Amino acid sequence: MKIRPPTPAEHAKVAALLRQAFPDSTHEAQLVAALRSHGRIAHEWVCIHTNQVIAYLAFTNAYHGTAVCGLHLAPLAVKPEFQRQGIGSELLRFVLRQAAIRDKILFVPGDPGFYRKFGFAPCAMPLCPFPEYPQDHHQSVQGGV
């Protein structure tokens, strides 16, 4: 398994992975496409196994007003046939050690049970930009955990 930034040729594979990982929603694939087309993705990684993109993680800048106050982690996705094998956790642990991430405040709208294992805790500010998530799913952590 190899973790690295995706190549432009892999963007379509990332979109397919997002549609597979979130079968009841097109939001994640559309969000990443829109963020990418507007140059808003600050950092992104893929996990490659046997020449397949099996996991993906992206960060965008988080703002409080007009000031950048950290990074938003979203989405984190793993192909369904590779889920529940620790691949998403391994990808996240790898990314949290990267120089571009480790000293930043990170925000995530996601499952508290999953992200708590990585040091994330509920936060109120800045407001979660994803209204479809309950506020208790908006969590943060100081990088480098």
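Since every read-out is calculated from the coordinates, none of them should be taken as a lab result. What you see is a predicted model; the values in this text were computed from it and never measured. Every residue, glycine among them, receives a Cβ derived from its backbone with ideal geometry; neighbour counts consider all protein chains shown.
For every residue, the table says whether it meets (1) hydroxyl-bearing (Ser, Thr, Tyr); (2) under 13 Å from the mean Cα position of the chain (by Cα); (3) in a helix (DSSP H, G or I).
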{"site": "9", "(1), (2), (3)": "no, no, yes"}
{"site": "19", "(1), (2), (3)": "no, no, yes"}
{"site": "23", "(1), (2), (3)": "no, no, no"}
{"site": "31", "(1), (2), (3)": "no, yes, yes"}
{"site": "48", "(1), (2), (3)": "no, no, no"}
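The set of residues in the range 1-28 that are touching a helix residue (DSSP H, G or I) at 6+ places or on another chain (Cβ under 8 Å) and under 20 Å from residue 92 (Cβ atoms) comprises 1, 3, 6, 14, 18, 20, 21, 22, 28. Among the residues of this structure, residue 47 does not count as one that is in contact with a Pro (Cβ under 7 Å, 6 or more places away or on another chain) and of a type in the set (A, V, I, L, M, F, W, C).
For the structure I just gave you, tell me whether residue 55 is surrounded by fewer than 18 Cβ atoms within 10 Å (Cβ to Cβ), among the small types (Gly, Ala, Ser) and either outside any strand (DSSP E or B) or under 11 Å from the mean Cα position of the chain (by Cα) (or both).
Values: surrounded by fewer than 18 Cβ atoms within 10 Å (Cβ to Cβ): no; among the small types (Gly, Ala, Ser): yes; either outside any strand (DSSP E or B) or under 11 Å from the mean Cα position of the chain (by Cα) (or both): yes.
No, not satisfied.
When the criteria are applied in full, residue 68 fails the requirement of being in contact with a strand residue (DSSP E or B) (Cβ under 7 Å, 6 or more places away or on another chain), crowded, with 21+ Cβ neighbours inside 10 Å and either touching a residue at least 24 places away in the same chain (Cβ under 8 Å) or aliphatic (A, V, I, L, M) (or both). Return yes when residue 68 is in a strand (DSSP E or B), under 19 Å from residue 99 (Cβ atoms) and either aliphatic (A, V, I, L, M) or in contact with a Gly (Cβ under 8 Å, 6 or more places away or on another chain) (or both) and no when it is not. Answer is yes for this residue. Taking the listed residues 13, 2, 79, the one that is touching a strand residue (DSSP E or B) at 6+ places or on another chain (Cβ under 6 Å) and surrounded by fewer than 13 Cβ atoms within 10 Å (Cβ to Cβ) is 2, with no other qualifying. Residues in the range 90-116 that are assigned to a helix (DSSP H, G or I) and either in contact with a helix residue (DSSP H, G or I) (Cβ under 7 Å, 6 or more places away or on another chain) or among the β-branched types (Val, Ile, Thr) (or both): 92, 95, 96, 101, 102, 112.
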